[in-house]
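See structure below.
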Amino acid sequence: MTDFPFYVDRLGEQDIPAIMEIERQVFTLPWTPGIYRYELRYNQAAFYRGIRTSEPHLPPLAAYGGIWLYPPEAHISTIAVHPEFRGMHLGGWLLAILLVEANRRGAREATLEVRVSNVAAQKLYRSFGFQVVGKRYRYYSDNREDALIMTLKPLDTDLLERRLFREEHTVRERWRSRTPSLA
Ligand SMILES: CC(C)(COP(=O)(O)OP(=O)(O)OC[C@H]1O[C@@H](n2cnc3c(N)ncnc32)[C@H](O)[C@@H]1OP(=O)(O)O)[C@@H](O)C(=O)NCCC(=O)NCCS
């Protein structure tokens with residue numbers, strides 16, 4: 001048993017089954033394997049990162065997310081955490097990973113859409129400094145729910161690097177407190 005089973009990695013087409021396993025559980029309008037095949041193989045403007053686990057008894061993929069990078073803009077295309085690992089700051093860690101990398105590759109601002117009812121995700125985004133800048137009316141076809149457009153501008157390199165460090169630290173702490181034998 002390792003002390004800390006999570007590590008960050010690039011994602012590829014071979015990860016589509018593990019992605020879909022989470023995608024179908026957490027989104028009411030899941031992307032299809034075909035969309036992920038395009039995103040992971042052909043979309044030159046996109047990059048995807050995952051948080052994998054190193055323990056065979058854990059789900060292989062704990063979280064995944066991606067960015068469409070059109071410098072100076074980075075658009076968060078998706079982000080999701082496996083239900084088994086919610087509330088451990090894996091979402092925060094992954095968001096910091098994505099934003100730091102986008103910033104290194106020329107992004108100076110980040111945008112995303114989020115359901116008006118998705119208070120958990122909005123809280124996460126606000127904690128990074130994202131602000132609501134607009135609305136897309138009836139954006140989601142399943143229930144015709146509106147999307148909030150949220151933007152973080154400018155991307156502050158130092159702040160993001162520090163946030164990345166802190167988020168990983170928090171994940172380590174929360175994992176330790178979840179695993180009594182390691183406490
Ligand atoms: C949104 C999501 C990615 C957050 O991931 P997570 O790892 O559970 O969240 P974190 O542990 O990193 O939370 C960071 C902060 O966000 C806020 N937050 C996260 N989940 C929350 C919840 N259920 N209720 C209230 N606040 C929440 C909190 O402020 C939290 O910090 P704290 O625990 O120190 O108070 C995850 O809930 C998810 O996968 N949801 C389904 C997919 C989705 O909605 N994706 C976003 C689409 S726009």
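The values are calculated or read from the model by the stated rules, or taken from the named source; none is laboratory data. What you see is a predicted model, and the numbers here were worked out from it, not measured in a lab. Every residue, glycine as well, gets a Cβ built from its backbone with ideal geometry; the counts of neighbours run over all protein chains shown. Each accessible area value is taken on the protein alone, full model and side chains, heavy atoms only, with ligands, DNA and RNA left out. Shrake-Rupley method; radii C 1.70, N 1.55, O 1.52, S 1.80 Å.
Pairs meeting the criteria (first residue in the range 26-38 and within 12 Å of Thr78 (Cα to Cα), second residue away from the ligand (no atom under 15 Å from the Cβ) and hydrophobic (A, V, I, L, M, F, W, C), beta carbons under 8 Å, at least 6 apart or on different chains) are Tyr36/Ile16. Of the residues making up the range 53-108, those that are of a type outside the set (A, V, I, L, M, F, W, C) and within 11 Å of the ligand (Cβ to nearest atom) are Tyr64, Gly65, Ser77, Thr78, His82, Pro83, Glu84, Arg86, Gly87, His89, Gly91, Gly92.
So that you can scan it fast, the table gives a plain yes or no per residue for (1) under 17 Å from Tyr7 (Cα atoms); (2) away from the ligand (no atom under 15 Å from the Cβ); (3) among the aromatic types (Phe, Trp, Tyr); (4) modelled with pLDDT of 95 or more:
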| site | (1), (2), (3), (4) |
| --- | --- |
| Leu112 | no, no, no, yes |
| Ala120 | no, no, no, yes |
| Leu124 | no, no, no, yes |
| Pro154 | no, yes, no, yes |
| Leu164 | yes, no, no, yes |
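Only residues that are in a helix (DSSP H, G or I), crowded, with 16+ Cβ neighbours inside 10 Å and not hydrophobic (A, V, I, L, M, F, W, C): list them for the range 7-56, please. Scanning the range 7-56 gives Asp15, Glu23, Tyr36, Glu39. The criterion of at least 1 residues that are among the aromatic types (Phe, Trp, Tyr) and open to solvent by 10 Å² or more (accessible area, probe 1.4 Å) is met by the following strands (runs of 3 or more DSSP E) wholly inside the range 69-172: 131-140. hydroxyl-bearing (Ser, Thr, Tyr) and more than 28 Å from Ser177 (Cα to Cα): is that true of Thr2 in this structure? The answer is no for Thr2. Taking the stated definitions as given, is Tyr64 in contact with a helix residue (DSSP H, G or I) (Cβ under 9 Å, 6 or more places away or on another chain), assigned to a strand (DSSP E or B), hydroxyl-bearing (Ser, Thr, Tyr) and closer than 19 Å to Glu161 by Cα? The answer is no for Tyr64.
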